[in-house]
Amino acid sequence: MEEEKNFYAVLGVAREASLEEILAAYQRLAPMCRADSENYDPTDFPIQGLEQQEYWEKLNHAYRTLIIPEIRARYDAGYPSEELPAPVRSRAESLALGSSAAIQPPPLIEPASKQVRPHSVVIQCPVQLEELFHGTRKDVSYQRLVNIAGQSELIHQTTSVNITPYMRDGEQIILRGLGNQIGAVQGDLLVVLRQFVHPSFSAKGNDLVCNCHIPLSVAVLGGIVSIRGIDNKTFGLMLHEPYPLLPPLVKVIEGEGMKTRHGRGKLVVKFYVQFLPVPTRLRDETTNLLRQIESAYSRAEDA
């Protein structure tokens, strides 16, 4: 496969590149070679010597092929370009662009700190904590206005959002050009990630917090408590008696929190004593035992 036809070379990534790496490469190169860019320099690109429009078309062809696993697999297997499935376009997009329109670039995903255009659509995307931890792709559906034959029509549209392991609850993602189309103004789609409440963990920045209830026997006598992380890894934590007077007891496990670009945050485990009612038949025995423990501590303090 010639270099100029190698989609990985066009994006400047390895053949084993992850979807996140492919997306990052596209986001870096696309703004520099799109038609409205005045800063195109052929020497800044992985393949040099191509005209701006030529690289723009190759870049989008490469991205649309490699970002969809099924199409990428066929490409890696050596299928010719004409035998690869074409990117699916909605009916409204096809009507609005016309049958002879060139393939448009996929929307750039940008941090919401950049200004959102007028007539944008804002939606929420519910995610599980595990999805934020591992990363995933989610389909989101919404309604927007588009110009069809000079008339504004409300259409139902579904698009895909790439969620990386570095995103967090409340993160805002801008998909350029997928909002309302009012006259000549094309709005954006603003997707806000909303995490479901997790039964075991809560995320605090890059750290994960887990509440663990321990039996009274462990609080008094000490023992090993088994903790399962979000990636199902199991840890045995040794608790030494006695349990602190001001709960909770906190243990920190480095490198077992949420994923970051440079590693992982911390797993913070908070231990709380689980007090159970004493059965009637054991009340006298339990009372005598507790009195003996209290008496022993009293004598030790007096000494």
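The values are calculated or read from the model by the stated rules, or taken from the named source; none is laboratory data. This is a predicted model, so every value here is computed, not measured. Glycine also receives a Cβ, built like all others from the backbone with ideal geometry; neighbour counts cover every protein chain displayed. These accessible areas exclude ligands, DNA and RNA; they are computed on the full protein's heavy atoms, side chains included. Shrake-Rupley method; radii C 1.70, N 1.55, O 1.52, S 1.80 Å.
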What about R117, is it touching a Ser or Thr at 6+ places or on another chain (Cβ under 7 Å) and either surrounded by 12 or more Cβ atoms within 10 Å (Cβ to Cβ) or modelled with pLDDT of 75 or more (or both)? no
Is it the case, given these coordinates, that L154 is in a strand (DSSP E or B) and either open to solvent by 60 Å² or more (accessible area, probe 1.4 Å) or farther than 19 Å from R117 by Cβ (or both)? yes
If you take the residues of region 257-276 that are β-branched (V, I, T) and surrounded by 14 or more Cβ atoms within 10 Å (Cβ to Cβ), which of them is farthest from I227 (Cα to Cα)? V273
Selection from region 21-52 of residues in contact with a helix residue (DSSP H, G or I) (Cβ under 7 Å, 6 or more places away or on another chain) and without any contact (Cβ under 8 Å) to a residue 12 or more places away in the chain yields N39, Q48, G49
Any idea which of (1) open to solvent by 30 Å² or more (accessible area, probe 1.4 Å); (2) within 21 Å of Y75 (Cβ to Cβ) is the one Y26 doesn't satisfy? (1)
Among the numbered criteria (1) farther than 25 Å from N60 by Cβ; (2) open to solvent by 40 Å² or more (accessible area, probe 1.4 Å), which one does F201 miss? (2)
